[in-house]
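A.B. asks: Structure incoming, see below.
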Amino acid sequence: MSLIRREFLQLTATGSAVLGFQQTAPAFWGKIADQAAGQENILVVVQLTGGNDGLNTIVPYTQDEYYKQRPKLAIPKNDVLKIDNEFGFNPALDGFSELLEAGLLGVVQGVGYAQPNRSHFESMDIWHTCQRKAGDRADGWLGRAIDQMAEGVSTETTGMHIGNRKQPLAVASRHHRVPSIRTIEQFRLQSQEKASIEAMRSLAQSENSAGDSLLNFVQTSTTTAIDVSQKLQQVKNSKSTNVIYPESELAGKLKTVSQLIASEIGARVYYVEIDGFDTHAFQAPAHTALLRELGDALKAFAEDLLEKGMQEQVLTMCFSEFGRRVAQNASDGTDHGTAAPMFLIGSGIETGLIGKHPSLSNLDNGDLKFHTDFRQVYATILENWLNCDSSLILDKQYESLPLFVAS
Amino acid sequence: MKTGQTNIDTDWAWSAYQPEQPQDWTQRQVAHFYRRCGLGANPEMLKAGLQKSPVELAVGQISNRQESAQVEQESATLARSVLATADAKNLPAWWTHRLLNTSVPLQEKMTLFWHGHFATGAEKVKDAQLMFDQNQILREYALGNFGRLVHEISQDPAMLLYLDSASNRKVHPNENFAREIMELFVLGEGNYSETDIRELARCFTGWEIRRDRFYFNRFQHDFDEKTIFSHSGKFTGEEGVDLVLEHPAGPEFIVGKLIQFFIADEGLQDPQLIKPLAQKFRNSGLEVGPLLETMLASNLFYSEYAQGRKIRSPVDFAVGFLNSLEGSTNLLELNKGLDEIGQRLFYPPNVKGWEGGRIWINSSTLLARTNLMQSLLKRDETRFGQGSLSEYCKSHGVTTTKEAVDWFAELLLAVPLNDHKQSEIVQRCEMIDGSYETKLKNLLGLIVSLPEYQLA
């Protein structure tokens, strides 16, 4: 939270207490505070690549059908970390369990979309662009949000992708180049001679190449890379943390996100990925390790944000391109499925299970039926968290969900 | 791949390119051919290429499938030491040695294409020998018969391990391989149903890997009737593969991918353009050689729709640079750099391989591309024509920074560099304190950091 906003909230709190209209004031003050929030709120997206097995993540531990369909893979009832009388977390998710207890975690159940595609790449593209194959996939939903939030601004740091591999289509934008950064330290030119950086920057500038040509794309990408790396060299080491992150790749990426947020570089959207969820064979050990990495990393991230006083400013959303088939296969794994849970972490969100768990008996050809369209989750976050007009980003108005605590 | 119509005349597009005047056939065009169909060309190769016609150039590469004895021998020695370590991490250095020294560049380029197409990652397979063996299959069939390659790959231990099909039982078969053979290897997404996948998976039951070899376990095979693409029968795995290969969508899918790989990243996925080549591919019984013969000598290949219309892959970026200037360097360092810029050989990001095009480029890979070039130029081990850069330039009659910028641009850039930028480069390098060698290296460093150099 910026100093201005923090002081503002303190002022309003003491002010209203002094003036004694605490009962009537929130509607008025709340609106102004929300507007301020809308300009500074940050969304961190964590992509679980490969298709996370929702049923072994949020376990329906009272349902016989679950144990019948998964003789070898089901999580024993006594092992789950109970959420309520019917559902519990996979035991590797004690990080999530603690976040839930702290009132910071919400689980949106049964999320998917109509006529699900079970190809990793196709389904991921659908989640990224909100377009089916025939549609225009030049940009992604976050790229469109970035274009909206940074309209007319030349900043190239409204969105950031953490990693040095393929940039997710979700952040592809028409008017901005979203930087991909593995770590702040690595994100620099080896030669720090001013003259040679200046030379590269000057020579990379476009002259008369067409706006959408490959050359123009490389030119603008190059100047963005040089500018952002120069900017980051200055903000480096701005704030360190006492929180000890686990030694995992995801934890490292989230630590970088926390550093970048603390540097006040101004990004509104951060994107990180954790790969390996395509568990067709010998699922149990792999899935356990992945969920542990996920839960532990996000718990450390939340603690870090709390320590830095930034917890109210950051919402984290986790999704996967699909869930997995209800029945296990013969290689002790699961094949591609459909509906699955999404996870939201932050201080203003509705905690616990949101929406019904999909039925295990009423299936679509062996797959769970979704009841909540993922674009409803997007729309709610875009409207209520990022202050964007979701209908422009998602092509239509989706019904919003009760994901945030009413203020 | 985005499909869309173009207004390109199909007959013109696939007819062989015949320069109207001898002076229309230039060094720049030969360089274009080798950037796409090989791994860059040095000045001698460019000169020799000018003596051939476009058709001769393509046919020469397609019919030449025998690696030189010297390269084979060096490669075998390297392979022995790499495989003795049993660590797949050392395989990329083995392959880059071939890429830097090969006498049959198109064969290596196509091996790279198939490696991305039938992407198999050593991260999961782990076994260096199995990854090496798969690479040999890809090379053997690189310019051969696609159907036979698919059959080989579908029983290749590395592939089956990668796609979790090393033991496939008749109750609840694993669908992974059945899905990817249709979606990514032969047909493309959308040309099959989920039922087709489930039925094809039944054909592959009983396919196992035992002691690193393919093994058919009849006790685990589902011998009952299956229905795939409306054909019913008690299909075996091999017959299942044949059904996929006979599906009409296959040739279009492969031809589209080859157009993207060889001609342009974007804008040429036009069904009208693809159709005649797909027909030819189908009629030949899925022979890759004749297909490439048409494609790589065509008007379209040498046209403005192709020149500079691809982003260099990391291999094209780094190996192409070294090959164009007869360079050699430390192979382990080179591979570390390739990894940083997004193409670690034998370790594709997932079963879809490297998608290429704009995806190669982001701020992180761009900085890493520049850093890789800087470190290559700085290393003493990096030699050009076995000597220093200035000696190499001199041996080609290039003795000033002004001449060097022209020469490098002609050798390395797919799009012309305007005079303004050329003189800016010379000016900036003349201001640097240091020897002529230092100036030349700075100059070359700036050229390969240009956005223009990122284009192939």
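The values are calculated or read from the model by the stated rules, or taken from the named source; none is laboratory data. Quick caveat: nothing in here was measured; it's all calculated off a predicted structure. Ideal geometry is used to build each Cβ from the backbone, glycine not excepted, and the neighbour counts take in all protein chains shown. In case anyone asks, the SASA skips ligands and DNA or RNA and just uses the protein heavy atoms, side chains included. Shrake-Rupley method; radii C 1.70, N 1.55, O 1.52, S 1.80 Å.
A.B. asks: When residues of region A:120-146 are filtered for being at the interface with another protein chain (Cβ under 10 Å from one of its Cβ atoms) and outside any helix (DSSP H, G or I), how many remain?
C.D. replies: Total meeting the criteria: 5.
A.B. asks: Which count do you get for residues in region B:120-136 that are in a helix (DSSP H, G or I), buried (at least 19 other Cβ atoms within 10 Å of the Cβ) and of a type outside the set (S, T, N, Q)?
C.D. replies: So the count comes out to 6.
A.B. asks: Count, please, the residues in region A:189-203 that happen to be more than 7 Å from chain B (Cβ to nearest Cβ) and open to solvent by 60 Å² or more (accessible area, probe 1.4 Å).
C.D. replies: The qualifying residues number 6.
Residues checked against (1) open to solvent by 10 Å² or more (accessible area, probe 1.4 Å); (2) not hydrophobic (A, V, I, L, M, F, W, C):
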{"position": "B:Glu252", "(1), (2)": "yes, yes"}
{"position": "B:Phe262", "(1), (2)": "no, no"}
{"position": "B:Asp270", "(1), (2)": "no, yes"}
{"position": "B:Gln279", "(1), (2)": "yes, yes"}
{"position": "B:Pro290", "(1), (2)": "yes, yes"}
{"position": "B:Leu296", "(1), (2)": "no, no"}
{"position": "B:Ile311", "(1), (2)": "no, no"}
{"position": "B:Asn323", "(1), (2)": "yes, yes"}
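A.B. asks: Further, regarding this structure: Would you confirm, using the coordinates I've provided, whether B:Thr370 is farther than 30 Å from A:Ser119 by Cα and either surrounded by fewer than 20 Cβ atoms within 10 Å (Cβ to Cβ) or touching a strand residue (DSSP E or B) at 6+ places or on another chain (Cβ under 9 Å) (or both)?
C.D. replies: no
A.B. asks: Of all helices (runs of 4 or more DSSP H) completely enclosed by region B:266-382, which ones contain at least 3 residues that are under 28 Å from A:Lys166 (Cβ atoms) and within 11 Å of another protein chain (Cβ to nearest Cβ)?
C.D. replies: The helices (runs of 4 or more DSSP H) meeting that bar are B:363-378.
A.B. asks: Kindly indicate which of A:Asp296, A:Asp332 is more than 21 Å from the chain's Cα centre (by Cα), in contact (Cβ under 8 Å) with a residue 24 or more places away in the chain and open to solvent by 20 Å² or more (accessible area, probe 1.4 Å).
C.D. replies: Among A:Asp296, A:Asp332, only A:Asp332 is more than 21 Å from the chain's Cα centre (by Cα), in contact (Cβ under 8 Å) with a residue 24 or more places away in the chain and open to solvent by 20 Å² or more (accessible area, probe 1.4 Å).
A.B. asks: Pull up region B:158-209, narrow it to residues that are part of a helix (DSSP H, G or I), open to solvent by 10 Å² or more (accessible area, probe 1.4 Å) and in contact (Cβ under 8 Å) with a residue 60 or more places away in the chain, then point me to the one that is farthest from B:Gly353 (Cα to Cα).
C.D. replies: My answer is B:Tyr162.
A.B. asks: Just wondering, is there one or more residues in region B:98-111 that are open to solvent by 50 Å² or more (accessible area, probe 1.4 Å) and assigned to a helix (DSSP H, G or I)?
C.D. replies: Checking region B:98-111: at least one residue is open to solvent by 50 Å² or more (accessible area, probe 1.4 Å) and assigned to a helix (DSSP H, G or I).
A.B. asks: Does A:Ser240 count as in a loop (DSSP other than H, G, I, E, B) and under 22 Å from A:Gly309 (Cβ atoms)?
C.D. replies: Answer is yes for this residue.
A.B. asks: Also, quick follow-up: Only one residue in A:Glu185, A:Glu156 is open to solvent by 10 Å² or more (accessible area, probe 1.4 Å) and either within 17 Å of the chain's Cα centre (by Cα) or more than 9 Å from every other protein chain (Cβ to nearest Cβ) (or both). Which one?
C.D. replies: Result: A:Glu185 is the single residue among A:Glu185, A:Glu156 that is open to solvent by 10 Å² or more (accessible area, probe 1.4 Å) and either within 17 Å of the chain's Cα centre (by Cα) or more than 9 Å from every other protein chain (Cβ to nearest Cβ) (or both).
A.B. asks: So B:Leu332 clears everything in (1) hydrophobic (A, V, I, L, M, F, W, C); (2) in contact (Cβ under 8 Å) with a residue 60 or more places away in the chain; (3) within 27 Å of B:Met45 (Cβ to Cβ); (4) surrounded by 19 or more Cβ atoms within 10 Å (Cβ to Cβ) except one condition, right? Which one?
C.D. replies: The single condition B:Leu332 does not satisfy is (4).
A.B. asks: Answer yes or no as to whether B:Asp433 is free of Cβ contacts under 8 Å to residues at least 40 places away in the same chain, part of a loop (DSSP other than H, G, I, E, B) and more than 23 Å from B:Ala368 (Cβ to Cβ).
C.D. replies: So B:Asp433 passes the test.
A.B. asks: Which is of a type in the set (A, V, I, L, M), surrounded by 13 or more Cβ atoms within 10 Å (Cβ to Cβ) and modelled with pLDDT of 95 or more, of B:Ala76, B:Ala16?
C.D. replies: Going through B:Ala76, B:Ala16 in turn, the sole match is B:Ala16.
A.B. asks: In region B:193-212, what residues are within 10 Å of chain A (Cβ to nearest Cβ) and either polar (S, T, N, Q) or within 16 Å of B:Phe235 (Cβ to Cβ) (or both)?
C.D. replies: B:Thr195, B:Ile197, B:Arg198, B:Ala201, B:Thr205
A.B. asks: Can you spot a residue in region B:225-246 that is without any contact (Cβ under 8 Å) to a residue 40 or more places away in the chain, more than 22 Å from B:Leu455 (Cβ to Cβ), open to solvent by less than 40 Å² (accessible area, probe 1.4 Å) and assigned to a loop (DSSP other than H, G, I, E, B)?
C.D. replies: Among the residues of region B:225-246, at least one is without any contact (Cβ under 8 Å) to a residue 40 or more places away in the chain, more than 22 Å from B:Leu455 (Cβ to Cβ), open to solvent by less than 40 Å² (accessible area, probe 1.4 Å) and assigned to a loop (DSSP other than H, G, I, E, B), which makes the answer yes.
Okay, residues lined up against (1) among the acidic types (Asp, Glu); (2) within 13 Å of another protein chain (Cβ to nearest Cβ); (3) closer than 30 Å to A:Asn387 by Cα; (4) surrounded by fewer than 24 Cβ atoms within 10 Å (Cβ to Cβ):
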position	(1), (2), (3), (4)
A:Gln259	no, no, yes, yes
A:Glu273	yes, yes, yes, yes
A:Phe282	no, yes, no, yes
A:Pro285	no, no, no, yes
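This table checks each residue for (1) over 29 Å from B:Val315 (Cβ atoms); (2) open to solvent by 10 Å² or more (accessible area, probe 1.4 Å); (3) more than 9 Å from chain A (Cβ to nearest Cβ).
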position: B:Glu410; (1), (2), (3): no, yes, yes
position: B:Pro416; (1), (2), (3): no, yes, yes
position: B:Asp419; (1), (2), (3): yes, yes, yes
position: B:Gly434; (1), (2), (3): yes, yes, yes
position: B:Leu443; (1), (2), (3): no, no, yes
position: B:Leu450; (1), (2), (3): no, no, no
position: B:Ala456; (1), (2), (3): no, no, yes
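A.B. asks: While we're here: Return the residues of region A:182-191 that are out of contact with any Ser or Thr (no Cβ under 7 Å at 6 or more places or on another chain) and touching a residue at least 24 places away in the same chain (Cβ under 8 Å); say none if nothing qualifies.
C.D. replies: Answer for region A:182-191, where residues must be out of contact with any Ser or Thr (no Cβ under 7 Å at 6 or more places or on another chain) and touching a residue at least 24 places away in the same chain (Cβ under 8 Å): just A:Glu185.
A.B. asks: As an exercise: evaluate B:Gln343 against (1) surrounded by fewer than 23 Cβ atoms within 10 Å (Cβ to Cβ); (2) closer than 20 Å to B:Thr365 by Cα and give the number of the one condition it does not meet.
C.D. replies: Condition (1) is where B:Gln343 drops out.
A.B. asks: Do we have A:Ala225 as within 13 Å of chain B (Cβ to nearest Cβ) and buried (at least 20 other Cβ atoms within 10 Å of the Cβ) here?
C.D. replies: Criteria met by A:Ala225.
A.B. asks: What about B:Gly397, is it open to solvent by less than 10 Å² (accessible area, probe 1.4 Å) and more than 19 Å from the chain's Cα centre (by Cα)?
C.D. replies: No.
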